[in-house]
Amino acid sequence: MASKGSDSNREQPPPLSIEIKATQDQFFVWREFVWGGIAGAFGEGMMHPVDTLKTRLQSQIIMNASQRQKSIPQMLRTVWVGDGLKGFYRGIAPGVTGSLATGATYFGVIESTKKWIEESHPNLGGHWVHFIAGAIGDTLGSFVYVPCEVIKQRMQIQGTSSSWSSFISRNSVPVKPRGDMYGYYTGMFQAGSSILKEQGPKGLYAGYWSTLARDVPFAGLMVMFYEALKDLTDQGKKKFPQFGVNSSIEGLVLGGLAGGLSAYLTTPLDVVKTRLQVQGTTIKYKGWLDAVGQIWRKEGPEGFFRGSVPRVMWYIPASALTFMAVEFLRESFREKTKNNNIVVSNLSIESKRSSVHEVREN
């Protein structure tokens, strides 16, 4: 009897380990959502001033087509003189909110989608899996991100109330509802309700398809480049193990490279999106194709890459910080899980010994 009791107790640890693994898998997606959201909001918050500069550069032809287009130093001085430091942080609330939603869906959906594609379509190449996963994750986040982007960009070009009032009076621009330009937005929620009231849902989702046209290839390319660079890094670690770095530093460098390259390649799509979203009720462009045609005829190839430098300047550190934060959180969780597994394993062994001892005594 003692022998049978002992054998039955020996078979208990495997089900325990399976239960632990199932719990970890269930929590896996949720922690990716949480970490992705935190990392996305962190990157946006840190780099918002550069994004404001980029938005101002890309939209200046909408605001005043008669004036000569300003360079980066000129626009930097304009914002600083007109609004000071807070002018660069105008629209940060909707920016962080949108990035939080996008980061959560981006990283949360990417990992689960990658696993599903790899299991259901094993013939697809690794880079295509990463591209599709990134595109799907960003598309889902667009339902929250686009309205936040519209609000953010309109607040960015307005600056402070004094500078906006000065611009309106200087250029004799009407700001009545359904007029040529929108009124001043005092905050994120007031801006959202104002746009909804004056233009309806269509106003909040202005440039939605152009946003997808920009972000789907951008998100796909960034994940693809990041994973490709990680593969190269892993090969380098095998050949030169003495030069290995921790995952946080690796995420910082590779994320920055992937983000910067993807940002530059998709700048023309970003220019079209920005102009469609900031034009308000002043319909300069009737749609995506009309915007592309007008930019090409009036500004040439240069018009499509307007703001490319601050865009790349924004995405290199923003992507670097985002991927670094995600890799840091992943690494920290792995260490915590590893330690917890050791404790659980020790407890199960002690429990097993107690059970065997009790059976033998009986």
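None of G220, G256, G251 is touching a residue at least 40 places away in the same chain (Cβ under 8 Å), part of a helix (DSSP H, G or I) and in contact with a Pro (Cβ under 8 Å, 6 or more places away or on another chain) except G256.
Being under 23 Å from R68 (Cβ atoms) and open to solvent by 40 Å² or more (accessible area, probe 1.4 Å) narrows it down to one of F305, F240, so name that one. Being under 23 Å from R68 (Cβ atoms) and open to solvent by 40 Å² or more (accessible area, probe 1.4 Å) holds for just one of F305, F240, which is F305.
Whether any residue in the range 268-284 is in a helix (DSSP H, G or I), open to solvent by 40 Å² or more (accessible area, probe 1.4 Å) and of a type in the set (D, E) is what I want to check.
No; the residues of the range 268-284 include none that is in a helix (DSSP H, G or I), open to solvent by 40 Å² or more (accessible area, probe 1.4 Å) and of a type in the set (D, E).
Which one of these is over 24 Å from R306 (Cα atoms), open to solvent by 20 Å² or more (accessible area, probe 1.4 Å) and modelled with pLDDT under 85: G125, G108?
Working: G108 fails: open to solvent by 20 Å² or more (accessible area, probe 1.4 Å).
Selected residue: G125, the only one of G125, G108 that is over 24 Å from R306 (Cα atoms), open to solvent by 20 Å² or more (accessible area, probe 1.4 Å) and modelled with pLDDT under 85.
Within the range 224-236, residues that are more than 19 Å from A133 (Cβ to Cβ) have Cβ atoms under 7 Å from residues that are among the aliphatic types (A, V, I, L, M) in these pairs: T233/L254, counting only partners at least 6 apart in sequence or on another chain. The residue that is least open to solvent (accessible area, probe 1.4 Å), counting only those in the range 308-336 that are closer than 13 Å to K54 by Cα and of a type in the set (S, T, Y), is S308.
Is it true that L53 is loosely packed, with under 13 Cβ neighbours inside 10 Å, modelled with pLDDT of 70 or more and within 30 Å of S162 (Cβ to Cβ)? Lay out the reasoning, then the answer.
Numbers: loosely packed, with under 13 Cβ neighbours inside 10 Å: no; modelled with pLDDT of 70 or more: yes; within 30 Å of S162 (Cβ to Cβ): yes.
Here the answer is no, as L53 does not meet what is asked.
In this structure, is E250 charged (D, E, K, R), farther than 30 Å from S71 by Cβ and buried (at least 21 other Cβ atoms within 10 Å of the Cβ)? Judged against the criteria, E250 is not a match.
The values are calculated or read from the model by the stated rules, or taken from the named source; none is laboratory data. On a predicted model such as this, the values are computed, not experimentally measured, just so you know. Here the Cβ is made from the backbone with ideal geometry for all residues, glycine too, and neighbour counts use every protein chain on show. The area values use the complete protein model at the heavy-atom level, side chains included, leaving out ligands, DNA and RNA. Shrake-Rupley method; radii C 1.70, N 1.55, O 1.52, S 1.80 Å.
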